[in-house]
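The values are calculated or read from the model by the stated rules, or taken from the named source; none is laboratory data. Source: prediction; values computed, not measured. As a convention, Cβ positions derive from the backbone with ideal geometry for all residues, glycine included, and neighbour counts pool all protein chains shown. Heads up: the accessible areas ignore ligands, DNA and RNA and are worked out on the full protein's heavy atoms, side chains in. Shrake-Rupley method; radii C 1.70, N 1.55, O 1.52, S 1.80 Å.
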Amino acid sequence: MSEAVPGAARRLFLLGFLTLFLELALIRYLAGTIWNLGYFPNLVLLAVFVGMGAGFVLHDRLGDRTSRALYGAVPLATLGLALLVEVVRPSVPGFGSSSGSLGGELFFTGVPTGTRQGALPFLLWFGGVTALFALLAQRTATYFRLFPPLRAYTLDIAGSCAGILAFMAASALELPASVWFLAGAGLCASADVGAVSRRLARALPLVALAALAERQDVRLTADPGFAGTRETRWSPYQKVEYSETPQWRALFVNGIAHQFMQPREAILRSYYMVPFRHRAARGLPAGRVLVIGAGSGNDVAAALLAAAERVDAVEIDPVIARLGRRRHPVRPYADPRVRLIVDDGRAVLTRSRERYDVIVFALTDSLVKVSPMAQLRLENYLYTQESLRRAYDLLDPRGQMVVYNYYRVPWLVEKYRLALQAATGKPPLTVHQEAGGFAMMLTGPDTPPGPVPPPSPEVLEVARDDWPFPYLRHRGVPRLYAGALGLMAALVALFALVLHRLERRSGGPVAPARMKAAFVLMGTAFLLLETKGVIQFSLLFGTTWLNSSLVFLAVLVLVLAANATAARVRHPLALAAACGLLLLSCAAALVVPLGLLLELERPLSRFVGAALLIFAPIYFANLVFSVAFRGQRMAAHLFGWNLLGAALGGLLEYASMSVGYRALSVLVAVLYAASAALVVRERRAPASAEEAA
């Protein structure tokens, strides 16, 4: 059938390319424009899945002319979404002027002027993202149904691989948002039909959006009227803005004041010097220093002013490090004693064989998540008990480890104190405190223990590698989150029910209810499995943008591999075998702790272990889906239900805040077993009916 539509395969590939590229671009762009969305990029992902699911389920209710017209509205809808955000300036509700505490989870931030935190602005942009991807997905579905299911799925996923590779290149080159949307305009036009001039005309709103993004980049997000020196760069993680006046030099991230570059005199008077003064009072030199979260360079400058012998400065964001190198008044990164390492701090601790006199965990409070799928911020794995213990082991016998921040609330100070005590076996010393919740704690092999505080009536659990939530007050899904997620899950379920009823009333063929349920469960389980894979790979190899992107790409490649396997294996027991192997691999991931892999010194050995524990379940899960998907008469519909299930999986991922990440393997196994049982039962149903007749 696809042969009757010239270029159908190419357009399906391009639509998959455009969908993934636009999804990643909007996640980054909206987080850089909606000032606190960097903490909740999963909200964009949920809207994307709901919109795509609706588009696939409802696509055949549209004629080809209507479908083409709706696809032609994609560039205009994208521009409309950006204009809405620009004019209304919405935000995620629940934040105060300097921090947010949502149901027990703490966020460090500062509210820019002119933002609105009401529920209506939030719902408007969320609905805009949903509608946009519904418009795009319905067109993708019209080409999807022209091919056999596995062929269509392969073309779509191959396009998605191209999309993620293209955005990885854009991230590596640190291209601005304006370039992303110009590329999106070209992709939109390429995937369209009709005369070239008409296709280019329909893509013009994305060119206008590129111009808007360029205009946004020439003004300070937090203060559009700022007239001093300024510079904007899009790092692979976030929008970074530098601003300078005669009084200060500052870095803003996603519109929030993040770092201030201090001159020499200010650093000498500041808390940055406290650890080195403490050592000097004991007759100890600064020696060899490791700074985790070096940022623009204040801590590095302090170590140099204390006559450090050598400083290893670790900063995960290359743009922040580069701005520090160019703009910091002390020029710490130009000193030959400094080695700048652009990498994840936990990964550096894992790989290091050095010994240090001072290890400083600096102001490592990031404003973005590791992935739009998960609840982890970039620094979460730095403050687990295992990470702190690893840093402690890298100290010389007379070395010291320093942890400090503006913690805002007493319970967080206590939680970090408990984490240091659990990692080192003794209470840390509090060597400096300031108003606003600032505390600096210090410990070391020969450092006297700090005082033991009286027992607290509140039980605070220390973050561990399997439960890496230092900013969460208690283990469990916060009540506020649970209520909001329950409401959202109910809305998604209601939406799915409405779609189901619309299908039944359409008069056309309807996918069996059991198959819909099976593919919903598979979508839910796969999102959980993919999230778990991203997080655990980050622990083993670092929470860098490149590692996260490579995991996403690996997942898509495993989809293609599973499709190829399913196309060749036609045995009646293929589904049962794939499900059995999936359950075994989930059990292995549950039984074998990742800590064993962290102990492997050779990266290749660690990667092989990671592939077996993380990627094997993903491959077998894809194989279960591919075997169940092949031969389906209403494949596009079922794929839509699978995407709606992925939205529910995004909600269910919050369970990790209660049970940790390893336990998600149990949930994944249960969901896949249930989905396989539904598929088998549906396949047997016609035969059973015939026998009864």
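May I ask you to compute the full-extension gain from ARG633 to HIS571, defined as 0.36 nm times their residue separation minus their alpha-carbon distance, rounded to one decimal in nm?
On the way: separation 62, 0.36 × 62 = 22.32 nm, distance 1.96 nm.
Once the chain is fully extended between ARG633 and HIS571, it gains 20.4 nm.
Taking the 0 to 90 degree range and rounding to the nearest ten, how far is the long axis of helix 545-568 tilted relative to the main principal axis of the chain, both from C-alpha atoms?
Approximately 30 degrees, to the nearest ten.
I'd like the FRET efficiency for ARG219 and LEU120, computed as 1/(1 + (r/R0)^6) with the beta carbon distance as r and R0 of 25 Å, rounded to 0.05.
Details: r = 26 Å, r/R0 = 1.03.
That pair, ARG219 with LEU120, gives E of 0.45.
Along its principal axes, what span do the Cα atoms of the stretch 140-291 show, with the longest given first and each in whole Å?
Here the spans come out as 77, 41, 19 Å, largest first.
Taking only the alpha-carbon positions of the stretch 367-426 and ignoring solvent, what does the Debye formula give for the base-10 log of I(q)/I(0) at q = 0.20 Å⁻¹?
-0.87
May I ask you to list the lysines whose Cα is less than 26 Å away from that of LYS415, ignoring any residue fewer than eight positions away on the same chain?
LYS369, LYS426, LYS532
Please name which of LEU363, TYR271, LEU46 has its Cα lying farthest along the dipole of the chain towards the positive end, using unit charges on Cβ (Lys, Arg +1; Asp, Glu -1) and the Cα centre as origin.
Sorting the options by dipole projection puts first LEU46.
If you average the alpha carbon positions of the stretch 357-383 and of the stretch 566-601, how far apart do those two centres end up, in angstrom?
30
Note down the Stokes-Einstein diffusion coefficient of the stretch 410-539 in µm²/s, whole number, using a Kirkwood radius over alpha carbon pairs, 10 °C, and 1.306 mPa s.
Values: Rh = 19.6 Å.
Calculated translational D: 81 µm²/s.
Hey, what did the chain get for relative contact order, percent, Cα under 8 Å, at least 6 apart? Before the final figure, lay out each step's value.
Numbers: 1242 pairs, mean separation 107.0, N = 693.
Once divided by the residue count of the chain, the mean separation gives 15 percent.
Rounded to the nearest angstrom and ordered from largest down, what semi-axes does the equivalent ellipsoid of the chain get from its C-alpha gyration tensor (root of 5λ)? Let's see the in-between values first.
Working: eigenvalues 423, 177, 92 Å².
For the chain, the semi-axes come out at 46, 30, 21 Å.
Can you give the convex hull volume of the alpha carbon atoms of the stretch 1-98 per residue, in Å³? Display every interim value, and only then the final one.
Working: hull volume 11.6 nm³, N = 98.
Roughly 119 Å³ of hull volume per residue.
Any idea of the accessible area per residue across the stretch 229-350, 1.4 Å probe, to the nearest Å²? Before the final figure, lay out each step's value.
On the way: 4360 Å² over 122 residues.
I get 36 Å² per residue for the stretch 229-350.
On a C-alpha basis, how far is the centre of the stretch 14-63 from the centre of the stretch 248-322 in Å? Whole number, if you could?
Answer, in whole Å: 39.
For the stretch 156-241, what does the alpha-carbon gyration tensor say about shape, rounded, prolate or oblate, given a ≥ b ≥ c as the root eigenvalues, a/c under 1.5 as rounded, and a/b over b/c as prolate?
Numbers: a/c = 4.04, a/b = 1.58, b/c = 2.56.
Oblate is the answer for the stretch 156-241, as a/c is 1.5 or above yet b/c matches or exceeds a/b.
So how strong a dipole does the stretch 156-219 carry about its Cα centre when Lys and Arg Cβ are +1 and Asp and Glu Cβ are -1, to the nearest 20 debye?
Details: 5 positive and 5 negative charges, 55 e Å.
The calculated dipole for the stretch 156-219 is roughly 260 debye.
Nearest 5 percent is fine: what portion of the DSSP beta bridges confined to the chain is antiparallel?
Counting DSSP beta bridges with both partners in the chain, the antiparallel share is about 65 percent.
Arrange the peptides 206-217, 445-456 so that the one whose residues have, on average, the most other Cβ atoms within 10 Å appears first. Mind showing how you got there, number by number?
Working: 206-217: 19.1, 445-456: 11.5.
Per-residue mean Cβ counts within 10 Å order the peptides as 206-217, 445-456.
Run the dipole for the chain about the Cα centre, Lys and Arg Cβ at +1, Asp and Glu Cβ at -1, nothing else charged, and hand back the magnitude in debye, nearest 20.
Numbers: 67 positive and 46 negative charges, 182 e Å.
Roughly 880 debye for the chain.
Sorted by average packing, counted as other Cβ atoms within 10 angstrom per residue and highest first, what order do 666-675, 271-280 take? Before the final figure, lay out each step's value.
Numbers: 666-675: 21.1, 271-280: 19.0.
Per-residue mean Cβ counts within 10 Å order the peptides as 666-675, 271-280.
The stretch 556-643: D in µm²/s via Stokes-Einstein (Kirkwood Rh, Cα pairs, 20 °C, 1.002 mPa s)? Show your work: numbers first, answer last.
On the way: Rh = 14.4 Å.
In µm²/s, the coefficient rounds to 149.
Under a straight-distance cross-link criterion of Cα-Cα below 14 Å, which aspartates and glutamates are reachable from LYS239, leaving out those fewer than 8 residues away in the same chain?
GLU174, GLU214, ASP217, GLU231, ASP317
Nearest 10 degrees is fine. How inclined is helix 204-216 to the longest principal axis of the chain, computing both from alpha carbons?
Tilt relative to the chain: about 10 degrees.
Of PRO512, ALA439, GLY425, which is farthest towards the positive pole of the stretch 422-519's charge dipole, taken about the Cα centre with +1 and -1 on the beta-carbons of Lys, Arg and Asp, Glu respectively?
Of the listed residues, the answer is PRO512.
Quick one: dipole size for the stretch 76-227, taken about the Cα centre, charges +1 on Lys/Arg Cβ and -1 on Asp/Glu Cβ, in debye to the nearest 20.
Here the stretch 76-227 has a charge dipole of around 540 debye.
Could you give the angle, 0 to 90 degrees to the nearest 10, between helix 119-144's Cα long axis and the longest principal axis of the Cα atoms of the chain?
50
I'd like to know which of PRO478, VAL559, LEU573 lies farthest towards the positive end of the charge dipole of the chain, counting +1 on Cβ of Lys and Arg and -1 on Cβ of Asp and Glu.
Of PRO478, VAL559, LEU573, it is LEU573.
Enter the Cα centre distance for the pair the stretch 156-173 and the stretch 201-227, rounded to the nearest angstrom.
23
What does the charge count around THR33 come to, taking other residues whose C-beta lies under 9 Å from its C-beta (Lys +1, Arg +1, Asp -1, Glu -1)?
Values: positive: ARG89, LYS239; negative: GLU86.
Result for the local shell: +1.
Just add up the charged neighbours of LEU667: K/R +1, D/E -1, any other residue whose Cβ is under 14 Å from the Cβ of LEU667. Each step should come with its number before you reach the end.
Values: positive: LYS532, ARG662; negative: GLU530, GLU653.
Net charge around LEU667: 0.
Which percent of the Cα-Cα distances in the stretch 261-333 go past 21 Å?
Working: 528 of 2628 pairs.
That tail contains 20 percent of the Cα-Cα pairs.
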